[in-house]
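Chemist: This is the structure I want to talk about, given as structure tokens.
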Amino acid sequence: MSRSAAAPAAGSGLALLRLLQLASPALPVGAYSYSQGLEAAAECAQVRDAASARAWIAGVLQHGMARMEAPVFLRLQRAWEAGDLDAARAWNERFLASRESAELRAETVQMGFSLRRLLERLVDAQALAGIDQPAFPAAFAFAAAAFAIPAGEALLAYLWSWLENQVMAAVKIVPLGQTEGQTMLFELAPLAAAAADTARDVEDARLGAIMPRLALLSMRHEAQYSRLFRS
């Protein structure tokens, strides 16, 4: 898609292909280098096999993504679609403030920066440049709005991208076989769909995730002696 090309019509084959590109592990944002606390959970044996990895990922999905990151994503996309830069800035700042460790904050800022740099080569991303440090959901939501992808579909792709990255991290860390990883993805996909449904109903006053174990393990990971991942 060139800078001058019109956005694909919503529901078109091209819009679907744009969405698949955004959700692809090949997207050059460095997602593969982060485990979001999963590596620290494995280090202290809270994650040690397929069952415990599945339980960990499901917990973060249901109690974290569904109640904070996913609802904020929907608000960000609405802001971009409305051309409301002030709202986009406010929701971006609120999301960054919710990151409970230096690693988690640095991760989303780095991924947001990398996606913004890519989008500047593909579309008119001047509005996104209006945010000093766009978090990854802010940049992803901007891309979805620019590509005329409905917010519900964009959120499912965002959650799937997160889920796939978590499972692939578990495959490397535990370690698990590729078949076990694909089985886990198949089993967790309904939870991702349910998380998207939950996100649509979360009111502003109820935004927030309480996951102290993840926060503590993320902080512990910052000083972990041996590690594969940056978070």
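Derivation of every value follows stated rules applied to the coordinates shown; laboratory data play no part. All values derive from a computational prediction rather than experimental measurement. We place every Cβ from the backbone using ideal geometry, glycine too, and count neighbours over all the protein chains shown.
Chemist: Could you tell me how many degrees, from 0 to 90 and to the nearest 10, lie between the Cα long axis of helix 70-82 and the main elongation axis, the longest principal axis, of the Cα atoms of the chain?
Modeler: Here the helix axis deviates by roughly 10 degrees.
Chemist: Local charge sum around Ala66 (other residues, Cβ-Cβ under 12 Å, Lys/Arg +1, Asp/Glu -1)?
Modeler: 0
Chemist: For helix 178-201, what angle does its Cα long axis make with the longest principal axis of the chain, in degrees from 0 to 90 and rounded to 10?
Modeler: Long axis of 178-201 versus the principal axis of the chain: about 50 degrees.
Chemist: Among Ser35, Ser101, Ser226, what is the fewest-to-most ranking by other Cβ atoms within 10 Å?
Modeler: The fewest-first ordering by Cβ neighbours comes to Ser226, Ser101, Ser35.
Chemist: If you add up the charges near Glu187, with Lys and Arg at +1 and Asp and Glu at -1, over every other residue whose beta carbon is less than 15 angstrom from its beta carbon, what do you get?
Modeler: Every neighbour counted, the sum reads -2.
Chemist: Given springs between every Cα pair under 10 Å in a Gaussian network model of the chain, which of Leu38, Leu119, Leu14 has the largest fluctuation?
Modeler: Leu14
Chemist: Based only on Cα atoms, what mean projected area does the convex hull of the chain have, in nm²? Write down the numbers at each step before the final one.
Modeler: Working: hull surface 47.3 nm².
Value for the chain: 11.8 nm².
Chemist: Nearest 10 degrees is fine. How inclined is helix 151-173 to the longest principal axis of the chain, computing both from alpha carbons?
Modeler: That helix lies at roughly 30 degrees to the long axis.
Chemist: Next up: Of the candidates Gln62, Gln21, Gln36, which one comes out as most mobile in a Gaussian network treatment of the chain with C-alpha springs shorter than 10 Å?
Modeler: Most flexible of the set in this elastic network: Gln21.
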